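S.K.: Starting off with a structure, shown below.
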Amino acid sequence: MATYVILNTGAKMPILGLGTWKSPKNKVKEAVKKAIDVGYRHIDCAYVYENENEVGEAIDEKIKEGVVKREDLFIVSKLWCTFLEKPLVKKACQLSLSALKLDYLDLYLIHWPVGFKAGDKDFPLDERGLAIPSDADYVDTWEAMEELVDAGMVKAIGISNFNHEQIERILNKPGLKYKPANNQIECHPYLTQEKLIEYCHSKDISVTAYSPLGSVDRPWAKPDEPSLLENPKVKAIAEKHKKTPAQVLLRFPMQRHLAVIPKSITPARIEENFKVFDFELTKEETDTILSLNMNWRACPNQWSVEHKHYPFNIEF
C-alpha cells in the first residue's frame with residue numbers, strides 16, 4: 001500500500017501523520033521528537049492548538065541533529081476562525097511560520113468555514129456561549145490563501161470541516177487560481193463520511209481523517225458517549241490480526257486512501273500507531289467497520305451552530 005497521498009499539486013503527503021490537538025505545551029515537544037525518531041514525517045498543527053512554538057522547537061532540534069532535512073517533512077497548519085477576513089490571512093500564516101520556525105508550510109488549511117470576530121480572543125463568545133461571527137466569507141478568504149502560495153509561504157492550500165456545497169462554492173469561484181488540495185475532516189467508524197469523501201475524491205481533493213480513534217480526550221466528552229476503542233467488532237478484528245484496536249482504526253482510513261493523523265503524547269503509543277503498514281484489512285472487515293456508522297460527531301463545533309456558514313446542517 002502507498003505510504004503517501006498524492007495532492008493535486010503533485011506533492012506527496014505521508015499517509016500517516018502526528019496530530020497535535022490537545023497535546024499540552026510541556027509534552028508536545030518530546031512527542032514530536034519521538035515521532036520523528038520513529039519515522040513520522042507528517043506533523044499536523046494549528047494556530048489555535050497554542051503549541052506551535054514547542055512543535056517548532058522539536059522540528060528545529062531534529063533538523064539540527066541531522067535526523068531529518070526540512071524537505072523530508074510535511075508540515076500542516078491551519079488558519080483560525082478569527083483571521084478569515086482577507087487582510088488578516090497573511091499575518092496569521094506568518095504567526096504560525098514564526099512559531100514553527102519554518103520558511104514555508106507544506107499545506108495550510110482554512111480550519112473552519114465559519115468566521116469569528118477578529119481580536120485577541122480565539123473564541124469570542126456572546127452571553128449565550130455562541131461564537132460572535134465576523135462578516136468574512138470563506139470564498140474571499142480563499143483569494144488570500146492563494147496569495148500565500150504565490151508568496152512562497154505555503155506549498156499547497158486546503159480546507160477543513162467544509163461540506164460539499166461550501167467546496168463547490170470555492171471551485172465555482174470566478175478567477176479561481178488554485179483548487180483546494182485537501183479537506184481535513186472528522187472521520188472514524190461512527191462517522192464514515194462516505195458521501196463527502198467520494199465527492200472530494202471526484203474533484204481531485206485529498207482527504208485527511210482527524211479524530212480517527214474517536215477523540216476520547218476531547219474536553220466536552222460525556223461518559224455515556226460511544227467508545228470506538230472498546231467496540232466489540234473492532235476488538236475482534238484487532239485480535240484476529242494480533243493488532244490493537246487503535247491500529248485497526250488507523251489502518252481502516254488508510255485503506256480508504258485517506259491520510260490519518262492520530263494524536264498522542266505517549267511514546268509507546270506514538271510507536272504503536274506507526275506500526276500499521278504490515279497488515280491489511282479484508283473487504284469483509286472494512287465493510288463491518290463501515291457498518292458501524294451512526295453519523296456521530298465528536299467535534300460538532302457547538303459554538304457555531306447558528307453561524308450562517310455552519311457546515312453540518314446538511315447531510316455532507
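S.K.: Identify, please: which residue in segment 1-10 is of a type in the set (A, V, I, L, M, F, W, C) and loosely packed, with under 15 Cβ neighbours inside 10 Å and is, among those, farthest from residue 248 (Cα to Cα)?
M.R.: Restricting to residues being of a type in the set (A, V, I, L, M, F, W, C) and loosely packed, with under 15 Cβ neighbours inside 10 Å, the top hit is 6.
S.K.: Select from segment 280-296 the residues that are in a loop (DSSP other than H, G, I, E, B) and exposed (fewer than 14 other Cβ atoms within 10 Å of the Cβ) and write down the one among them that is nearest to the chain's Cα centre (by Cα). Reasoning before the result, please.
M.R.: Step one: filter segment 280-296 for residues in a loop (DSSP other than H, G, I, E, B), giving 280-282, 291-296.
If we keep only those that are exposed (fewer than 14 other Cβ atoms within 10 Å of the Cβ) too, we end up with 280, 282, 291, 294-295.
On the way: 280: 24, 282: 26, 291: 24, 294: 21, 295: 18 Å.
Top of the filtered list is 295.
S.K.: I want to confirm something. Restricting to segment 229-249 and keeping residues that are of a type in the set (A, V, I, L, M) and out of contact with any Pro (no Cβ under 6 Å at 6 or more places or on another chain), which single residue is surrounded by the most Cβ atoms within 10 Å (Cβ to Cβ)? If you could, list the steps in order and put the result at the bottom.
M.R.: Filtering segment 229-249 for residues of a type in the set (A, V, I, L, M) gives 229, 234, 236-238, 246, 248-249.
Now restrict to residues that are out of contact with any Pro (no Cβ under 6 Å at 6 or more places or on another chain): 236-237, 246, 248.
Working: 236: 13, 237: 23, 246: 20, 248: 27.
Taking the candidates together, the pick is 248.
S.K.: Could you grab me the full set of residues in segment 236-269 that are over 23 Å from the mean Cα position of the chain (by Cα) and within 29 Å of residue 24 (Cβ to Cβ)?
M.R.: Going residue by residue through segment 236-269, those that are over 23 Å from the mean Cα position of the chain (by Cα) are 236-243.
Answer for segment 236-269, where residues must be over 23 Å from the mean Cα position of the chain (by Cα) and within 29 Å of residue 24 (Cβ to Cβ): 238, 243.
S.K.: Can you confirm whether segment 156-164 contains a residue that is touching a residue at least 60 places away in the same chain (Cβ under 8 Å), among the hydroxyl-bearing types (Ser, Thr, Tyr), surrounded by 13 or more Cβ atoms within 10 Å (Cβ to Cβ) and in contact with a strand residue (DSSP E or B) (Cβ under 7 Å, 6 or more places away or on another chain)? Spell out the reasoning first.
M.R.: First, pick out the residues of segment 156-164 that are touching a residue at least 60 places away in the same chain (Cβ under 8 Å): 156, 160-164.
Then keep just the ones that are among the hydroxyl-bearing types (Ser, Thr, Tyr); that gives 160.
Filter once more, keeping what is surrounded by 13 or more Cβ atoms within 10 Å (Cβ to Cβ): 160.
Remaining after also requiring in contact with a strand residue (DSSP E or B) (Cβ under 7 Å, 6 or more places away or on another chain): 160.
Within segment 156-164 (the criterion being touching a residue at least 60 places away in the same chain (Cβ under 8 Å), among the hydroxyl-bearing types (Ser, Thr, Tyr), surrounded by 13 or more Cβ atoms within 10 Å (Cβ to Cβ) and in contact with a strand residue (DSSP E or B) (Cβ under 7 Å, 6 or more places away or on another chain)), the answer is yes, since at least one residue qualifies.
S.K.: Right, next: Can you name the condition, by its number, that residue 186 falls short on among (1) open to solvent by 60 Å² or more (accessible area, probe 1.4 Å); (2) within 25 Å of residue 246 (Cβ to Cβ); (3) among the charged types (D, E, K, R)?
M.R.: Every condition holds for residue 186 apart from (1).
S.K.: Still on this structure, please answer the following. If a residue must be among the acidic types (Asp, Glu), surrounded by fewer than 23 Cβ atoms within 10 Å (Cβ to Cβ) and not in a helix (DSSP H, G or I), how many such residues does segment 11-56 contain?
M.R.: So the answer is 1.
S.K.: So, restricting to helices (runs of 4 or more DSSP H) that lie completely within segment 186-269, which ones have at least 1 residues that are modelled with pLDDT under 95 and farther than 28 Å from residue 77 by Cα? Before you say what the answer is, go through the steps one by one.
M.R.: Working: elements: 194-202, 232-241, 245-255.
Qualifying helices (runs of 4 or more DSSP H): none found.
S.K.: If you take the residues in segment 140-166 that are in a loop (DSSP other than H, G, I, E, B) and on the phi < 0 side of the Ramachandran plot, which one is nearest to the chain's Cα centre (by Cα)?
M.R.: Step by step, filter segment 140-166, then rank; the result is 162.
S.K.: OK, next. From the list 117, 91, exactly one residue is free of Cβ contacts under 8 Å to residues at least 12 places away in the same chain and open to solvent by 10 Å² or more (accessible area, probe 1.4 Å). Which is it?
M.R.: Values: 117 fails: free of Cβ contacts under 8 Å to residues at least 12 places away in the same chain.
None of the others qualify; the one that does is 91.
S.K.: Please list, ordered by first then second residue, the pairs with beta carbon atoms under 9 Å, 6 or more apart or interchain, first in segment 197-226 and small (Gly, Ala, Ser), second outside any loop (DSSP other than H, G, I, E, B) and open to solvent by 70 Å² or more (accessible area, probe 1.4 Å).
M.R.: What qualifies is 206/6.
S.K.: Residues of segment 129-152 being in contact with an Asp or Glu (Cβ under 9 Å, 6 or more places away or on another chain), closer than 16 Å to residue 310 by Cβ and open to solvent by 20 Å² or more (accessible area, probe 1.4 Å), which ones?
M.R.: 130, 132, 133, 135
S.K.: Between residues in segment 98-110 that are over 18 Å from residue 147 (Cβ atoms) and assigned to a helix (DSSP H, G or I) and residues that are at pLDDT below 95 and open to solvent by 10 Å² or more (accessible area, probe 1.4 Å), which pairs lie under 8 Å by C-beta distance while being six or more apart or on different chains?
M.R.: Sorted first by the residue in segment 98-110, then by its partner, the list stays empty.
S.K.: Also: Looking only at segment 124-139, filter to residues that are part of a loop (DSSP other than H, G, I, E, B) and of a type in the set (Gly, Ala, Ser); which one of those is nearest to residue 10 (Cα to Cα)? Before you say what the answer is, go through the steps one by one.
M.R.: Of the residues in segment 124-139, the ones part of a loop (DSSP other than H, G, I, E, B) are 124, 126-130, 132, 134-137.
Those left that are additionally of a type in the set (Gly, Ala, Ser): 129, 134, 136.
On the way: 129: 42, 134: 34, 136: 30 Å.
Among them, the one singled out is 136.
S.K.: Show the residue pairs that are 6+ apart or on different chains and have beta-carbon atoms under 7 Å apart, the first residue being within segment 240-266 and of a type in the set (D, E, K, R), the second being in a helix (DSSP H, G or I) and surrounded by fewer than 23 Cβ atoms within 10 Å (Cβ to Cβ).
M.R.: Pairs that qualify, where the first residue is of a type in the set (D, E, K, R) and the partner is in a helix (DSSP H, G or I) and surrounded by fewer than 23 Cβ atoms within 10 Å (Cβ to Cβ), are 256/197.
S.K.: Which is within 29 Å of residue 292 (Cβ to Cβ) and in a loop (DSSP other than H, G, I, E, B), of 174, 180?
M.R.: Exactly one residue qualifies, and that residue is 180.
The values are calculated or read from the model by the stated rules, or taken from the named source; none is laboratory data. Given the structure is predicted, the values throughout are model-derived calculations rather than measurements. In this analysis, Cβ positions are derived from the backbone assuming ideal geometry, glycine residues included, and neighbour counts consider all displayed protein chains. Each accessible area value is taken on the protein alone, full model and side chains, heavy atoms only, with ligands, DNA and RNA left out. Shrake-Rupley method; radii C 1.70, N 1.55, O 1.52, S 1.80 Å.
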